[in-house]
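Read through the structure below, which is laid out as structure tokens, and then see the notes.
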Amino acid sequence: MLRDKTSELKSEKERLGYTVNYMKDIINATEEYKKNFKENIKDAYVHLDYLDSSQSYISIMVNSNFLENAMKNHDNYKKAIKKPYFARIDIQSKKKQSPEIFYIGKISLFKDEDNSPLVIDWRSPLASVYYDGRLGEVSYESPSGEQIVDLKLKRQFTIQDGELEDYMDIDMTANDNFLQAVLEENADDKLKDIASTIQAEQNKVIRAELKKPLIVQGVAGSGKTTIALHRIAYFIYTYEDILDPENFMIIAPNKLFINYISEVLPELGVEDVKQTTYIELMKDFIGFSFKVENPFENMELLIQKDTTKDVDLLKWLLSFKGSLDIKEMMDQYVEDLELDFVPKADFALQEHIIMKHTDLNKMFLEDLKGTPLFKRVDQIKQNLRHKFNGVKKTILKETEEQYDFKIQSIRDTEAETEERRQKILSLIEARDKKLESLKKDSRTLVNHYIKQFPKTKLLEYYKDLFGDADCLRKYMRADMSDNQVKYFSEYVKKAIAKKSFDLEDLTALSYLQYKIFGFDKKFDIKNVVIDEAQDYSPLQIYTLKKIFNTNMFTLLGDLSQGIYSYRGINDWKEITENVFENKADYMSLVQSYRTTIEIMNQANHIIGKLDHTLDLAKPVIRHGKEPLIMELDNKQKVLDSIYKEILETKKAYSSIAIIGKTVEECKIIQKELKNRGLQDIHILEEDQDNYGAGITIVPSYLAKGLEFDVVIVATLNENYSMNELDLKLLYVALTRALHRLYILGITGSIKAIH
Ligand SMILES: Nc1ncnc2c1ncn2[C@@H]1O[C@H](COP(=O)(O)OP(=O)(O)OP(=O)(O)O)[C@@H](O)[C@H]1O
């Protein structure tokens, strides 16, 4: 049926007006109620007028269920009122005569009178049809099972400040102009929600089963970070009864990144999800204070052109310390510790054996297996107390009786002489002394026994295992060279002496803490979301899984951006097979939304030189200018051209990044640009909270996850050669651009562009 756009627009405007007013009523009523509630709740009830059926404050108030929801959603309604919905679907089910119309928004809104939906939540099962379905037969899950319906209309709205500007119907052939328009926008210093333009492949990830681990391999700009946040919002909505926002934890690469994503969840009506960096989390796990080596120092060492350090050994060590081989070593070490943990003595009150050493050892090794060693000691302590309390009286009573029996038999058998009197007297004294000493020993018995367990500290164990070459040799695989063993133990000894550890040490320390000591604090995390997961080592993910004791992981990453592949993940199989025992779901995203076709082609050209089997990114159809590549014969010319392009692009774009390979390179660029008159530019640092819009100089490895309108990849002293790390760094840098890309450098410094 052809629709007359003018009359349709008119009726949609009315519909929007009605919804906005309805929402306003609720907001006002809730505010009114909250105010009155505080003043005098009784008063409010006294004045209820049950005959008043208008949508007044009172009629809303009597519906407590409604009110409760309204209270809960009050803030979200206030946010949503400028745009209560963004889309409409018309669906025809076989049971109904005419199509049903649903409006989809970030938060649902129900009519008080008949509970009919004015707006359905984007996370509801029915809304899935909007994201997944083409016109025609579609299905969705409802509480009563799968529903098959005819999707008659998909309509998208452009709404500004509560006013409908336009709408667009999407048929089978139409491009998603709506998405195009959103992608044309300029970059912000914060990531945005995409509830209105989620694409079908992304919707699958968002709604993928919660209980199984999910691994998402997605090309640069495929929306991984954004989707991860929408997935959390979806689960909080769907499993409201069993999951609180505090049960979710997002682990992000750095503080800057947490700030960058900080607006998405609140925009989606979700607050209180825990967000942290891996290092902060480790600080929480490890029970002593320490310094953390800047993770980028090793990276700098590995990417600099020439270095006198043992780069190969360092690479090997960092990768080994993140492998599951080191976990095996720690497991074996702890198993050996176990054997010698329980004191060799029986648990006895003087000559009364209450528990034999062998039984205690069995309890420790078998009954309590799987529990951290020191938690086992706590358990044993409790058991001993319990057991001792049960037998203490009997021991005292029997001891007393034994003496009394002896006394009595003297009384019965011996004549009343001075000698008999002395005998009895000394027995009485001996009895009282014995009882006294038994009582005295009883008071400290359990503690005394427990004190015989080892009291070693975490760091001592760490040093014992990794800082001692002989011990290390014992637990290392036989094919490791003496050189490697020596390098490893020296490295650890130095770290311990300085009490300054790198990220890989922190993971191993946390794992040992988990195995030997356990944790006093309860981490009530049921669902863990890890972004940039390709940079994590198998040991990191394994350790988190063990410590949080959950399988509910969503890992999102891109192996093409795996600039830490020396220690991170080279193949997702390592994780699915070895960490999640083949029980994880795997999804891949190849559509990229961030950048233009021209920029993506350039980035693909570079990553294509890497010998791997990953899919190349397919950009959404959005054209822009060809990247400008200029190779110049001296640094001043390069800097002049950077300066010129900044001045030029500044007019149209708000965020510009100049990406240098290393911090050193960035510092030179900053100094030279300042000399040319650009004062207000800073170098991005990982622990800064916010990078704001404007012109920023970014070291290549810190650019991950971020995006800018304009990216200028610059080389002065550094080269990007054809090795894996350099190609990946370059790929990361190029794919940060939304609209414009410049590659400006010394001739020959970036081999891969040719
Ligand atoms: N369906 C969508 N609708 C609108 N914008 C989208 C959509 N999907 C992704 N985007 C936009 O694409 C950009 C890239 O998204 P995001 O940063 O989440 O991708 P990513 O896969 O994590 O990227 P990278 O791995 O390169 O850091 C963001 O600006 C995001 O808003």
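The values are calculated or read from the model by the stated rules, or taken from the named source; none is laboratory data. No experiment lies behind these values; they were computed from the predicted model shown. Cβ sites come from the backbone with ideal geometry, for glycine too, and all protein chains shown count toward neighbours. The accessibility values were calculated without ligands, DNA or RNA, using every heavy atom of the protein model including side chains. Shrake-Rupley method; radii C 1.70, N 1.55, O 1.52, S 1.80 Å.
For SER262, the amide hydrogen comes within under 5 Å of the amide hydrogens of LEU191, counting only partners 5 or more places away or on other chains and with H modelled in the peptide plane.
Other residues lying with their Cβ under 10 Å from the Cβ of MET587 contribute a combined charge of -1, Lys and Arg counting +1, Asp and Glu -1. When the alpha carbon gyration tensor of segment 595-689 is reduced to an equivalent ellipsoid, the three semi-axes, largest first, read 27, 17, 16 Å.
Taking amide H as placed 1.01 Å from N in the peptide plane, ILE659 has its amide H under 5 Å from the amide H of VAL698, ILE712, VAL713, ALA714, each at least 5 places away in sequence or on another chain. The convex hull of the Cα atoms of segment 77-133, projected and averaged over all directions, covers 4.5 nm².
Segment 222-380: percent of C-alpha pairs farther apart than 27 Å?
Numbers: 7222 of 12561 pairs.
Everything past 27 Å amounts to 57 percent.
So how far, in whole Å, is the C-alpha centre of segment 456-519 from the one of segment 91-165? About 57 Å separates the Cα centre of segment 456-519 from the one of segment 91-165. Helix 311-321 and the longest principal axis of the C-alpha atoms of the chain enclose an angle of approximately 70°.
Straight-line reach from LYS397: taking Cα to Cα under 20 Å and skipping same-chain neighbours fewer than 8 places apart, the lysines in range are LYS387, LYS406, LYS433, LYS434, LYS439, LYS440.
Of all the Cα-Cα pairs you can form in segment 534-628, what percent are over 23 Å apart?
Working: 1679 of 4465 pairs.
Across segment 534-628, Cα pairs with separations above 23 Å total 38 percent.
The alpha-carbon atoms of segment 227-283 define a convex hull whose volume equals 73 cubic angstrom per residue. The Cα-based radius of gyration and maximum Cα-Cα distance (Dmax) for segment 623-662 are 11.5, 32 Å.
When segment 123-226 is described by a simple charge dipole with +1 on each Lys and Arg Cβ and -1 on each Asp and Glu Cβ, the residue from ILE194, SER142, VAL129 located farthest towards its positive end is SER142. Taking every DSSP beta bridge that has both ends in the chain, the antiparallel portion is near 35%. At the listed q of 0.21, 0.23, 0.24 Å⁻¹, the Debye profile of segment 347-451, built from one uniform point per Cα, gives log10 I(q)/I(0) equal to -1.04, -1.16, -1.22.
Given the rule -39500 (n - 2.57) for each run of at least 4 DSSP H residues, summed and divided by the residues of the chain, what is its mean residue ellipticity at 222 nm, to the nearest 500 deg cm²/dmol? Rounded to the nearest 500, the figure is -14500 deg cm²/dmol. Distance between the C-alpha centres of segment 355-431 and segment 532-554: 50 Å, rounded to the whole angstrom.
Charge dipole of the chain (Cα centre as origin; +1 on each Lys and Arg Cβ, -1 on each Asp and Glu Cβ, all else neutral): 1200 debye, rounded to the nearest 20. Note the angle between two axes, namely the Cα long axis of helix 538-548 and the longest principal axis of the Cα atoms of the chain, as a number of degrees from 0 to 90, rounded to the nearest 10. With both axes taken from Cα atoms, the answer is about 70 degrees.
The fraction of accessible area contributed by carbon and sulfur in the chain is 49 percent, rounded to a whole number (1.4 Å probe; ligands and nucleic acids excluded).
Remark on segment 614-754: Rg and Dmax equal 14.2, 44 Å (Cα only). Legend: translational diffusion of the chain by Stokes-Einstein, Rh = Kirkwood radius over C-alpha pairs, 10 °C, 1.306 mPa s; D = 51 µm²/s.
Here are some pairs, LYS283/LYS474; LYS457/LYS498; LYS375/LYS455; which of them have Cα atoms lying more than 24 Å apart in this structure? Result: LYS283/LYS474 exceed 24 Å. Under 13 Å of direct C-alpha separation, and excluding same-chain neighbours fewer than eight residues apart, LYS674 reaches these aspartates and glutamates: ASP640.
Solvent exposure of the chain amounts to 47 Å² per residue of accessible area, where only protein heavy atoms count and the probe is 1.4 Å.
Projecting label points 7 angstrom from Cα along Cα→Cβ for ASP25 and LYS369 puts them 6.7 nm apart. Based on alpha carbons, the Rg and Dmax found for segment 74-228 are 16.2, 49 Å.
Each residue, PHE523 and ASP166, gets one label point 7 Å from its Cα in the Cβ direction; the gap between the two is 5.0 nm.
Using only Cα atoms, find the angle between the long axis of helix 482-498 and the longest principal axis of the chain, and express it within 0 to 90 degrees, rounded to the nearest 10. For helix 482-498, the angle is close to 90 degrees.
May I ask you to derive the FRET efficiency for ASP470 and GLU280 from their Cβ-Cβ distance with R0 = 41 Å, giving the value to the nearest 0.05? Numbers along the way, then the final one.
Working: r = 35 Å, r/R0 = 0.86.
That gives a FRET efficiency of 0.70.
Each of LEU610 and ILE597 was given a label point 7 Å from its Cα along the Cα-to-Cβ line. The distance between the two points is 2.5 nm. Between THR276, SER262, GLY287, the Cα set farthest toward the positive side of the dipole of segment 257-296 (charges on each charged residue's Cβ, about the Cα centre) is that of GLY287. Taking θ as phi - 60° and the Karplus parameters 6.51, -1.76 and 1.60, the scalar couplings of segment 643-658 work out to 4, 4, 5, 4, 4, 5, 6, 4, 5, 9, 10, 9, 10, 10, 10, 9 Hz in sequence order, x denoting glycine and proline.
Calculated on the alpha-carbon coordinates, the convex hull of segment 108-177 measures out at 119 cubic angstrom per residue. Of the cross-linked pairs LYS94/LYS212; LYS327/LYS751; LYS24/LYS204; LYS5/LYS152; LYS106/LYS650; LYS24/LYS274, those separated by over 28 Å at the C-alpha level are LYS94/LYS212; LYS327/LYS751; LYS24/LYS204; LYS106/LYS650; LYS24/LYS274.
Across segment 667-682, rounded Karplus estimates of 3J(HN,Hα) from the backbone phi angles (6.51 cos²θ - 1.76 cosθ + 1.60, θ = phi - 60°) give 5, 5, 4, 4, 4, 5, 6, 4, 4, 8, x, 8, 7, 8, 10, 10 Hz, Gly and Pro being marked x.
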